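This report concerns only the one structure given below.
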Amino acid sequence: MYIYPRLQRQFYLKPLFYRYAKSKLNLSQLSLNRPLTKAAYAPQEVIDLKRGFDDEIYWEESKARIKQQCTYQNAHSLFSKFKNNNSHDSDGLFENPYLDSPKGLRQFSKDSLKYAHELVNKMKSDTSKDGLTKYVLRLDQLSDTLCRVIDLCEFIRSVHPDNSFIEAAQSCHEEMFEFMNILNTDVDLCKTLAYVLEDPEISAGLSQEEMKVGKILLEDFKKSGIYMNPEARDQFISLSQDISIVGQDFITNVDVVQDSYISVPVRDLDADEVSPVVINQLSKDITGYHYKIPCYGSIPFILLRTCQNENIRSKIWSSLHSSSKEQINRLTQLVKLRAILARIMRKDSYAAYQLEGKMAKNPHDVKMFLESLIQFTRGATAKELKPIADMKCKSLGDPLPQNDEEVFLNVRPWDRDYYSFQLKSQKEQNKPFQSPPLSMYFTIGSVIDGLSDIFQKIYGISFALSPTKPKEIWAPDVRKIIVTSEKEGPIGVIYCDLFERQGKPSSPAHFTVCCSREMYSKENNEKIMQIGVDSNDVKFQLPIISLVCSFTRSSEGACLLQLNEIETLFHEMGHAMHSMLGRTKLQNISGTRCATDFVELPSILMEHFARDERVLSNIGRHYLSGEQVPINLVRDQLRESSFLQNCETFAQAKMSMLDQRLHDEDVIENIDTLNVVKIYQDLEKELKVLVDDKTNWCGKFGHLFGYGATYYSYLFDRAIAAKIWDHLFAKNPYSRDNGDIFKNNVLKWGGLKDPWNCVADVLDNPELKKGDTNAIKYIAEVEDL
């Protein structure tokens, strides 16, 4: 039984208000019959959502004024209907009073572990009919107790800038994870659960959700080797712990380069047509005959776009995509540990072990999906690379490629950026005038405001900014958004950590710090919770989400987003909406706690909104003049962004295939001679597109840890999302009727409803409910991912 749910990240809470006006909130709009959380404010002034993100001075002044205007006591007197035990002025991360220091985090973990032990003892000792009827509910409560610490620690050690907090989080995570793995192999817990589900009299008293969660947990018990001998179970616990530690170490070192710089002869680079501005930023070695090109920052990427010398480009590209020997050793160890675990579990491969319970039920189905997709996109990929191959051959005086194979043979990975840039420059020179950058029309505030507008129109929910207390956030520029439903009021909180800072991870992520669920009859400690009430006056734990990106502010202070960054923000908000709307009674199946190859669907669907000219036109306003973005500029940028789109799909398919190869039966059979770099390079040669036979890039494939054997999920959900977009939103991206269809058939279910049933209902295609080979092939046949 994985007490800790399957999804670990993705891949949060506070005072809540009603908000009916777009992106704004004021006291006259608040319903006095609605509850607020412990830290509720009742601000007299409107907080502008866009300005709150775009104007730092406005944001700080607004927070100061609101702090003066209202107190927590006044807020509670206004909203006397809802009171809980957290009425004091607590201050800690996410308003958890424990989390005001690393010491507090350790105490929170210690107290949670103590309560977890109490729950386990209660479940084992209470064998009455009432106790057995509550058994699944208590298992869920145990899971919630552990996840509250584990999810929090995962967030802290990934994002928090304070090393003392990170060290505390790592220690707490390891301790809690070890306890969780002990529970996963507790025979008594498993036997009782099986009895509860099988006994007609007891199971008759369970709800649909309890039966679903009980069955999921029973299957997870089996995946933990519960029916194996004690020695094997102990080995499972040890292996799981080792995989977690090695995997986290692997993730931490993904961005570490093999070399800090590469040496290039001065005469070679000076002979090239590289900008003097770039050359002047390069230092030379002690001899003065070699430039030292750094393997970090913007310079190597500029050279990849502008340096004509292929040898130099190849050297730069290879260095940027190479990992240290230590990192390859970490990956090798991770893959071996997983193979050993699969062998202990008597599975043919780790992939076979991982794919149980997924939409693609086995490695064969995954392979079939990927091969079908590769075959479907191979010709389109060659067509996209043909102009690059032609330009390269002309520059070298070679014959032009006559077929797809010759195209693939001519274009190497380090050619892509250079010749793409040359083609783009030629097009720009032929334009009658230079267009302004699209980013001038998309500040981070306008995009957040635009997202609120979309969600209001299709789902009936919207955003409002709320002030934070000093220790509630981990960096001063973090913003807190209250998510409000027009029917239910506050439904959750999103902490937005969107601006770059030194030492912050570059990869965007969605973290579930705390997921939605109904309140248990006897809560351990309401002081650590933020609580809402639904339209039926049922109390529920509000979901706490943190969205983490690393967007750059300009020298003027504005944060202007490129089209790909807009897509990133839309993607992560798609995860957040799943967390907000996927409310279930039990936390094990709430929000994004669903099948791994289904969880990316809501986020990828949002990328289609981000690429829709009607949506962009509605959002885009010049950050200085307020002028609406010209539609022709939007269309040009969308056309440009689709350049090499099929190449990107093919690259994702290659990565998915690599993930499968590193976790297939051959690894188990050849574990003593495992060579992860050879597996990577052999696959590159086999697929023949933008072949990398020079680097050990597999050491930079961070998703191999979090999505081991399930990375195909991105492409799988991308294919499903493309079909849903065409079916529901292509004609009108602001359709409330179709938004309700998606919300009511996908988002609201979390992991309760079979994902194939969700997809079949949304697409109005009952045959998909079978989830068979024909369903897999149908999903793979999509032209525009």
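The values are calculated or read from the model by the stated rules, or taken from the named source; none is laboratory data. The model shown is predicted, which means the values in this text are computed figures rather than measured ones. FYI the Cβ positions are ideal-geometry reconstructions off the backbone, even for glycines, and counts take in every protein chain you see.
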Test: residue in the range 364-373 that is among the charged types (D, E, K, R) and outside any helix (DSSP H, G or I): no
Checking ASN430 against (1) modelled with pLDDT of 95 or more; (2) more than 30 Å from the chain's Cα centre (by Cα); (3) among the polar types (S, T, N, Q), the condition it does not meet: (1)
Residue among LYS731, LYS700 that alone is over 16 Å from the mean Cα position of the chain (by Cα) and over 24 Å from ILE374 (Cα atoms): LYS731
The range 599-632 - residue that is at pLDDT below 95, buried (at least 18 other Cβ atoms within 10 Å of the Cβ) and not acidic (Asp, Glu) and, of those, farthest from the chain's Cα centre (by Cα): TYR623
Residues of the range 434-475 classified as assigned to a loop (DSSP other than H, G, I, E, B) and either within 30 Å of ARG736 (Cα to Cα) or touching a Gly at 6+ places or on another chain (Cβ under 9 Å) (or both), total: 3
Criterion: at pLDDT 95 or above and surrounded by fewer than 22 Cβ atoms within 10 Å (Cβ to Cβ) - qualifying residue of ILE481, ILE473: ILE473
Within the range 541-597, considering residues that are hydroxyl-bearing (Ser, Thr, Tyr) and assigned to a helix (DSSP H, G or I), the one farthest from the chain's Cα centre (by Cα): SER579
Selection within the range 310-350 - assigned to a helix (DSSP H, G or I), farther than 30 Å from LEU282 by Cα and small (Gly, Ala, Ser): ALA339, ALA342
Every pair of residues 6+ apart whose Cβ atoms lie under 8 Å, when the first sits in the range 237-266 and is under 30 Å from VAL278 (Cβ atoms) while the second is among the acidic types (Asp, Glu): ASN253/GLU326; SER263/ASP285
Total residues in the range 129-162, condition β-branched (Val, Ile, Thr) and under 16 Å from the mean Cα position of the chain (by Cα): 2
Only listed residue being in contact with a strand residue (DSSP E or B) (Cβ under 7 Å, 6 or more places away or on another chain), crowded, with 16+ Cβ neighbours inside 10 Å and over 30 Å from LEU105 (Cα atoms), chosen from PHE408, PHE463, PHE455: PHE455
Flag for VAL759 being among the hydrophobic types (A, V, I, L, M, F, W, C), closer than 22 Å to LEU370 by Cα and assigned to a loop (DSSP other than H, G, I, E, B): no
Residue selected from the range 503-516 under the condition assigned to a loop (DSSP other than H, G, I, E, B) and modelled with pLDDT of 90 or more, by the criterion surrounded by the fewest Cβ atoms within 10 Å (Cβ to Cβ): PRO508
Residues within the range 249-286 that are in contact with a His (Cβ under 8 Å, 6 or more places away or on another chain) and surrounded by fewer than 19 Cβ atoms within 10 Å (Cβ to Cβ), tallied: 4
Single residue of the range 175-231 satisfying the filter (hydroxyl-bearing (Ser, Thr, Tyr) and modelled with pLDDT of 90 or more) that is nearest to ALA116 (Cα to Cα): THR192
Residue in the range 517-538 that is within 15 Å of the chain's Cα centre (by Cα), hydroxyl-bearing (Ser, Thr, Tyr) and either at negative phi or assigned to a strand (DSSP E or B) (or both) present: no
